[in-house]
Amino acid sequence: MSSSLFYVLENAGVINKSKESELNDWIASTNLSVPEGLLDLKLLTVDNITEILSTHFALPIFNISDYPYLETSRSLAVREVVLKHHAIPLSRTNNSITVAVSDPTVTETENDFRFATGMQVELVLANCLEVRSAIKRLYGEESNTWQSNTKQLTSDDLANLVQVSDAEIDNIEDLSQDDSPVSRFIHQVLMDAVRKKASDIHFEPYEHLYRIRLRCDGILIETHQPATQLSRRLAARIKILAKLDIAERRLPQDGRLKLRLSENASIDMRVSTLPTMWGEKIVLRLLDGDSANLDIDQLGYNALQKSLYLAALKKPQGMILMTGPTGSGKTVSLYTGLNILNTAERNVSTAEDPVEIHLDGINQVQINPKIGFDFSTALRSFLRQDPDVVMLGEIRDIETAEIAVKAAQTGHLVLSTLHTNSAAETVIRLKNMGVESVNLASSLSLIIAQRLARKLCQHCKVVDPMSAALRHSLFIGDDELIYQASEQGCNHCNYGYLGRTGIYEVMECTHEIANALLTGASMQEIEALAQSQGMTTLKQSGIEKLRDGVTSYQELQRVLYF
């Protein structure tokens, strides 16, 4: 522990000598700052520490969120110093910066920031919880645990690498070396994406611009703009990692790579390349099955929707379909059901492209259309393996649809997905694919249409001054409080939002709906019948989340477009 800080606190009569060894051990094992260690061990409150330090050092207490620290920190590229000293640059002028610290007894902080930036440094005080939250917002989760021992690279650090031709790039030796500047930069981008819990990374070349964006909570956020001459180097390095042909730039390629986070943890990434006018665009999809939340109570179903899903899962046969656009959470909903069904008494098999979430006790199969092993072939094989439950990643054609329907009719529980916009539209899509109405009526158990909407940050959400006309159109009372995202956000969130929740439309295929199918009812008629039986539409489910303060009207417009 910092002897100076200990001396200050001991003189203030708030801590005794016997706790010093315990604090030292705790801080060394967790890599926390000293004030954070005091909080974790419940020796002091954050207000106690901040007030004592402010009085002793005559430093003003600053609220970090009142300052443009995100832009300041990123423009200065001082990540290594920030993580080392648990300090945040708040603002800058031409020749000075203001840095918020939670432990002003660490004298190296001012010197290290002065050396890293070449600017004068003014220290101010902030409470350690705000500093921790700001670091999390800047660099994502587990910044201290995963930070590299090497100096962090910025886009500007790579700008002096000269442009190379397509022919020359194939022979550049440093692309295969893990310690080359380009390799370190790529690794840094991948680690940042994992820390920020991004679902995708986009590497995009343009004529006068090269940008890297992360998809966080469903929204793309730009993180880097390397020099355009790095386009070929960056693409080649990623293709080497994914074991793709770096000489092939005219055709799209697909591959995978594994990023090791620690000795016991790693994450798979699916790599897709696409030739564009100005180079190869590369998208990496992060397949972190270990972090998927398979708790049905956390997915956003209301009580009725949850009970319908659980009831369908208890049936010995039938078909449960998840529908919605790409990235709407269908896979997590499916695997939540599989997790419930995964018992020693059941034989569960899945066919997926790719296998995104790994579950022990389930026979998971990766299809490979290049060799003729598609969903229909896998499903035929499953039916010869004495299955109880079968899951297909997607119903893409009439052959797969017909085999799945027959499996659901012959004593198997079948789960799958389809790309449609609503539950009622799913029935019409299957009929248009060529599935007979009588087969649909006898096999369908449940259809769930879903979307993912960002959740408002509960720390900084603000009241939405919604007009009376809009409230009336959404059936919201004049006295009900409706919230929207704070434009600036806070240290806990991404510009006013934190995490996502599901919005669902759960249609039980009752006898009345089955009869409507047999009589050739339209999509509108089926939807009206389902609503008369208690189905909540996507719009109605979204408004429920709005009235509960979970999300905002602006987010519902983005996801559902009323």
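The values are calculated or read from the model by the stated rules, or taken from the named source; none is laboratory data. Note that the structure is a prediction, hence the values are computed from the model and not measured. No Cβ is skipped: glycine too gets one built from the backbone with ideal geometry, and neighbour counts run over all protein chains shown. For the accessible areas, the whole protein counts, side chains as well, though only heavy atoms, and no ligand, DNA or RNA atoms are used. Shrake-Rupley method; radii C 1.70, N 1.55, O 1.52, S 1.80 Å.
A few notes on this one:
- For residue 130, net neighbour charge (Lys/Arg +1, Asp/Glu -1) across residues whose Cβ lies under 15 Å away: -2
- Net charge of neighbours whose Cβ lies under 13 Å from the Cβ of residue 299, counting Lys and Arg as +1 and Asp and Glu as -1: +4
- Cα gyration tensor shape for region 317-418, rounded if a/c is under 1.5, else prolate or oblate: rounded
- Region 474-518: C-alpha gyration tensor shape, a/c 1.5 cut-off, then a/b vs b/c: oblate
- The heavy atoms of residue 415 offer some 0 square angstrom of accessible surface to a 1.4 angstrom probe.
- Of all lysines in the structure, the ones whose alpha carbon falls short of 24 Å from that of residue 461, not counting any fewer than 8 places away in one chain, are 136, 196, 197, 539, 545.
- Extension gain, residue 371 back to residue 398 (0.36 nm per residue minus Cα-Cα distance, nm): 7.7 nm
- Summed over all non-identical Cα pairs, the Kirkwood treatment of region 242-284 gives a radius of 11.5 Å.
- Taking only protein heavy atoms and a 1.4 Å probe, the accessible area of region 397-517 is 50% carbon and sulfur.
- Over region 438-522, the pair-distance histogram of Cα-Cα distances with 10 Å bins from zero comes to 15, 24, 24, 18, 16, 2 percent, rounded to whole numbers.
- Here the translational diffusion coefficient of region 193-336 follows from Stokes-Einstein with Rh set to the Kirkwood radius across Cα pairs; for 25 °C and 0.890 mPa s it amounts to 139 µm²/s.
- Region 288-371: GluC sites (Glu not before Pro) in DSSP coil with no more than 16 other Cβ atoms inside 10 Å: 345
- Residues residue 222 and residue 256, FRET efficiency given R0 of 22 Å [Cβ-Cβ distance, rounded to 0.05]: 0.30
- Nitroxide proxy distance, nm - points 7 Å out along Cα→Cβ at residue 381 and residue 274: 3.0 nm
- Averaging the Cα positions of each part gives two centres, and for region 183-206 and region 367-393 these lie 34 Å apart.
- Per residue, region 174-329 exposes 46 Å² of solvent-accessible protein surface, assessed with a 1.4 angstrom probe and all protein chains in place.
- Pairwise centroid distance, computed over Cα atoms, of region 429-500 with region 91-128, Å: 43 Å
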